1. Which condition number in (1) modelled with pLDDT under 95; (2) away from chain D (no Cβ under 14 Å) is the one that C:LYS196 fails?
2. Within segment A:197-230, track down each residue that is over 27 Å from B:ARG116 (Cβ atoms), touching a helix residue (DSSP H, G or I) at 6+ places or on another chain (Cβ under 7 Å) and not basic (Lys, Arg).
3. Considering only segment B:6-31, state which residues are surrounded by fewer than 24 Cβ atoms within 10 Å (Cβ to Cβ) and of a type in the set (Ser, Thr, Tyr).
4. B:ALA326 - would you say it is more than 29 Å from A:GLU311 (Cβ to Cβ) and at pLDDT 95 or above?
5. Need the failing condition index for A:PRO292 against (1) within 8 Å of chain B (Cβ to nearest Cβ); (2) over 25 Å from A:SER200 (Cβ atoms); (3) in contact with a Gly (Cβ under 9 Å, 6 or more places away or on another chain), just the number.
6. Could you tell me which of the residues C:ALA156, C:ALA203, C:ALA170 is within 14 Å of chain D (Cβ to nearest Cβ), touching an Asp or Glu at 6+ places or on another chain (Cβ under 7 Å) and modelled with pLDDT of 95 or more?
7. Limited to segment C:1-28, what total is found for residues that are outside any loop (DSSP other than H, G, I, E, B) and closer than 20 Å to C:GLY76 by Cβ?
8. For the structure I just gave you, tell me whether C:ARG161 is basic (Lys, Arg), at pLDDT below 95 and over 30 Å from C:PRO29 (Cβ atoms).
Protein chains: 4
Amino acid sequence: MNTFGHLLRVTTFGESHGPAIGCVIDGCPPGIALESADFANDLGRRASGRTRHTSQRHEEDTVEILSGVYEGSTTGTPIALLIRNVDARSRDYARIAEQFRPGHADYTYWRKYGIRDPRGGGRSSARETTMRVAAGVVAKKWLAERHHIQARAFVAQIGERKPARFDWDAVESNPLFWPDNDEVGEIESMLDALRKSGDSLGARIDVIADGVPAGWGEPVYGKLDAELAAALMSINAVKGVEIGAGFDAVAQRGSEHRDAMTPQGFRSNHAGGILGGISSGQRIRCSVAFKPTSSLRLPVESVDIEGNVVEVITTGRHDPCVGLRAPPICEAMMALVLIDQALRHRAQCGDVAPTRPDIPAGVE
Amino acid sequence: MNTFGHLLRVTTFGESHGPAIGCVIDGCPPGIALESADFANDLGRRASGRTRHTSQRHEEDTVEILSGVYEGSTTGTPIALLIRNVDARSRDYARIAEQFRPGHADYTYWRKYGIRDPRGGGRSSARETTMRVAAGVVAKKWLAERHHIQARAFVAQIGERKPARFDWDAVESNPLFWPDNDEVGEIESMLDALRKSGDSLGARIDVIADGVPAGWGEPVYGKLDAELAAALMSINAVKGVEIGAGFDAVAQRGSEHRDAMTPQGFRSNHAGGILGGISSGQRIRCSVAFKPTSSLRLPVESVDIEGNVVEVITTGRHDPCVGLRAPPICEAMMALVLIDQALRHRAQCGDVAPTRPDIPAGVE
Amino acid sequence: MNTFGHLLRVTTFGESHGPAIGCVIDGCPPGIALESADFANDLGRRASGRTRHTSQRHEEDTVEILSGVYEGSTTGTPIALLIRNVDARSRDYARIAEQFRPGHADYTYWRKYGIRDPRGGGRSSARETTMRVAAGVVAKKWLAERHHIQARAFVAQIGERKPARFDWDAVESNPLFWPDNDEVGEIESMLDALRKSGDSLGARIDVIADGVPAGWGEPVYGKLDAELAAALMSINAVKGVEIGAGFDAVAQRGSEHRDAMTPQGFRSNHAGGILGGISSGQRIRCSVAFKPTSSLRLPVESVDIEGNVVEVITTGRHDPCVGLRAPPICEAMMALVLIDQALRHRAQCGDVAPTRPDIPAGVE
Amino acid sequence: MNTFGHLLRVTTFGESHGPAIGCVIDGCPPGIALESADFANDLGRRASGRTRHTSQRHEEDTVEILSGVYEGSTTGTPIALLIRNVDARSRDYARIAEQFRPGHADYTYWRKYGIRDPRGGGRSSARETTMRVAAGVVAKKWLAERHHIQARAFVAQIGERKPARFDWDAVESNPLFWPDNDEVGEIESMLDALRKSGDSLGARIDVIADGVPAGWGEPVYGKLDAELAAALMSINAVKGVEIGAGFDAVAQRGSEHRDAMTPQGFRSNHAGGILGGISSGQRIRCSVAFKPTSSLRLPVESVDIEGNVVEVITTGRHDPCVGLRAPPICEAMMALVLIDQALRHRAQCGDVAPTRPDIPAGVE
């Protein structure tokens, strides 16, 4: 189950401190321009060394394309991508092999498989998300070129802090994906203090897609929102996913929640762009909860593989807020769900003559 | 994509007001005692006629077992279940065929397929969930008999109202799945007023599973939490899913969120019983947001299939709070995810010798 | 694993002498005209009562459409089909419950599931193929309407007997699907003698599809020929499948086998219309070996469920040559593979601009 | 569709003359001892340089394990294998880019994808089968260690030549996988003459598995024989697959074909070890037809990408009989089907108490 998607299928492999990580993208439409350099931007956005507030590991991730591309164009055959692990400091993880870190997958892998690769968290490390981002690059290209769809994400909350203003340009201009540049200094100070204290905070990431046409998504179990929920929940550290109004819908009245329709567009978007599991032509809106990282310098009670009581302390680098590198990952998962649904829709409904009316997106 | 699951696969079919609804359960382990009467309890719990606060349609749902059972026992071949639709008042839905109801799937089905069955919402009706509940009965039986696992759900919030106390016995003794019997009268009055006003409210449902052993779930894309998120999000009207602390994790510190481990058990359960996508042996805890129903007597602006502006009013029966029949559906989806993961775990890891230590569930 | 196909998925259910058999067709394109009467022709062609040479069971199979069709048109939602079993003479099968019939699945089901439904062979009965034929009707309609593709099959050999001449009109005009009407009387005499002797014979069925465009099929594991092989081998009693030259290719020279290409068409068709797993635009040609039925009046040595030596004799009706009802089943499996591959091709390669040259089919 | 299997899933990637070929094996049971050297034997058996009768390309294939193995043992996470292409003489293939080679996938890839990698046949090259063999090594290890199952194959026919005697030891001691060592010299002379003439011949490969317990395989569409048929037909150049008696069953009487059962074992094995799609405990027997290679020094009529008539001649190395390197590939596909079915059987039927009687394999 290391494969994601039905028609555009991404299979990832690799451990945090093994020889390499990589993925195979199968079912990709032919004729997409693709070269190694295409991956640099999003991998850079995700990279842990981007700011001093994310893990200090120096990941010079260069993607090698092993197959599926001929003379700069995808051929329809599997695209294999490879990144060698160069900065794998296995020595940091010697003690971890004997202990279970609370809040991590150490214990559960141990119980499931009877064996685990403890080096850097092995397969359960967030290192795996590098390949989600890489695969997402291909999906984003196709969605943009063929449908003018754009998937974007930003940090909507760190701990209890929410931005006062919203500006897309800010999101891409500061290292925190934060929508208000004026607040960045203040938040950096907060994160510095947090790092100093040895503790961490959670974050909320909002991810949206504009330009998705009405009609994508498959009832009843392959609903667009159900697949987005699975895709986002499968990212390390995620504990919750909302579509549109999300949990706010609990306290809403039906007369408030339902989005009125007019020939000029929808009057609101509590649905988050999805009705009955199918896109409505509105903006797709999701919100994702990331837990605070559990690897802390602060000690915690645990158990070792012999069942003895131990105190676990994580030394070395760690992220005070893992959510800060999540926006490109969320965008990638959004894009991968969308391309897969687009292909499935074309498969089943490619014969359907365009129906009318075509209601504009309206209120985002 | 009307199939759910990988090894225990449920395929449902049927429209709200078509001849019948049904499902095929494939991959079921042989040797489970099963008869028609086994479905009565959970279908009754779900049935819309249970209280006056849910839709007044009189659904005398009797399940016929068409295959897969011989002399009262499952045989390992596909189990087909059938319910005839007897109370399909198609006359109520004549106007609906020409209009799009805001907040419903009318428009999106129309745009996707170029055709839709408007009778009672057709395939997008919550009627489909009857078959999820029926399939869930089989899953629950196996989980209980083989692993002593119990999946249960309750209404944790209606609108802004939360229960003051929690009592499992109350949940099953009042018609609202409400955890505090003393408050039931008050809430019924609230719902009566709501129905009178023609409006509706959302609800939060919590669903839990006790007894799940450590080790179930498949990293990286088939994570137990990712599949629960998809399963629950695929239920009609759901807008959000949380595992464990959910969105509360955003404002938590890492030192608070991570669940300390001791030989006597976990000290807390912010993880919701899942670490790295694999069960930890703790209680599995999910929370689900149901939107308020959009079919209201209150008029709303919309568009017809010619693109003209229209005013939509839903007459006839409707639920002031659809979440009130959701607990058995949530339990069923939880059970279906668990049995599927159990079978997948046995497939891959059936050779693994039991590992130690085995940390008790501890704090729920 | 009672589901066939990736995008157009058919799930069948039902036992030979249970309450009913049926199927769910999921992923069907919307907008295909469909009614109950559409199934009559192919089910009639398959029906065992067609000639006196196939089993005498009187199967008045009327298909009920339970879902997925609205006002005579498919809607894109699952199409459920149901046939009640009316002529289930369970009394014939009392002894069978205690014995294993050699050449049947009795022993293997018993060993796999620990339980089996012995009535009429239960799930392993050829009765299941009724639903393949029914699902094939839908596939054939789409292939014919959308691509002018026709899938046809005939009996190419019974025992050692092969037809002297070939005439498509003959195939559909005699009850044996035999390509030479002049020989039908003689073969009927042969079959009468065979039935009288209590024995049976095998048959070879050839199945072809005309009109398949170049480009369908998915390398490397979803090859068109690989999926045809699986589809045909999954039919009861099949022991071998050939594509094009098949086993004759073993003794061929490369210079003879390879099909020369000209702008006017291929000069031969040893490939059977498939190169590298992808259709070439030529006729698709398969040949299928059906074993002789094992249910005979002639006694055979066997074992009962206690391990005792027994002599098994099958009384009642039986087919002296099961292959004689196989042509419609082979056509259905061919059609189901083709529609599925057509949808998958459209999904991945719907963007591909038509390439040239387009070489005609040429020699069949 | 570059993935094979349901629970033990192998995804291969790579073009003949691209940077590398590789695969990802997902779902592998943990705890299997595995190191790079384990692949050498079977890859060597397959390697084209093994005898002078197969292609002269010098493939020093060394497999690098990129993931999924920790301290010499599989961990249950995806196992990625990589082989760099070192001997890719792209210069040989310049003209091929403009022409379609009859009997090859050139034309069909072109029509499907609108683009193709012509270097050495790209993805459609038999080079891909290297990775099937590598993945098969892992499957074989598990089958042998856990179930004492052995999958073996041999060359049963070259052109019209069949071996006079059968000896397993001979198969592995001569470079032709030929069952009679005394004939090897003669066959080598025949192949030398064939190579000199510029032509090629087909071959028949028999592949068997001993030790498979009764009960593996899934009716109705996931039948063990159906999956073997697909697996073997998916190998390059295969045109036919038989199980047990195969096409000989056409001319058999039922009284001859059905395999009588006794407490001491089956009296014959016309079924090839599979009844109703489920293993019977007998030897699994398949026979596979390989066509003669189409890349010949002898000219053939064809068409170029502009639609012009051209004469195609293949210069450089080629195999006079591609079937001669097929035995390890057939074994690998057999092993991959068996492990996948074994895991699926354990998933669904792991609860089933062992049933009696257990009939020995008897006659092979």
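1. (2)
2. Residues satisfying the conditions are A:ASP199, A:SER200, A:LEU201, A:GLY202, A:ALA203, A:ILE205, A:VAL207.
3. Scanning segment B:6-31 gives a single hit, B:SER16.
4. yes
5. (2)
6. Every option except C:ALA156 fails the conditions.
7. So the answer is 10.
8. In short, no.
The values are calculated or read from the model by the stated rules, or taken from the named source; none is laboratory data. Since this is a predicted model, take the numbers as computed values, not measurements. Positions of Cβ are backbone-derived with ideal geometry, glycine not excepted, and every protein chain shown enters the neighbour counts. In case anyone asks, the SASA skips ligands and DNA or RNA and just uses the protein heavy atoms, side chains included. Shrake-Rupley method; radii C 1.70, N 1.55, O 1.52, S 1.80 Å.
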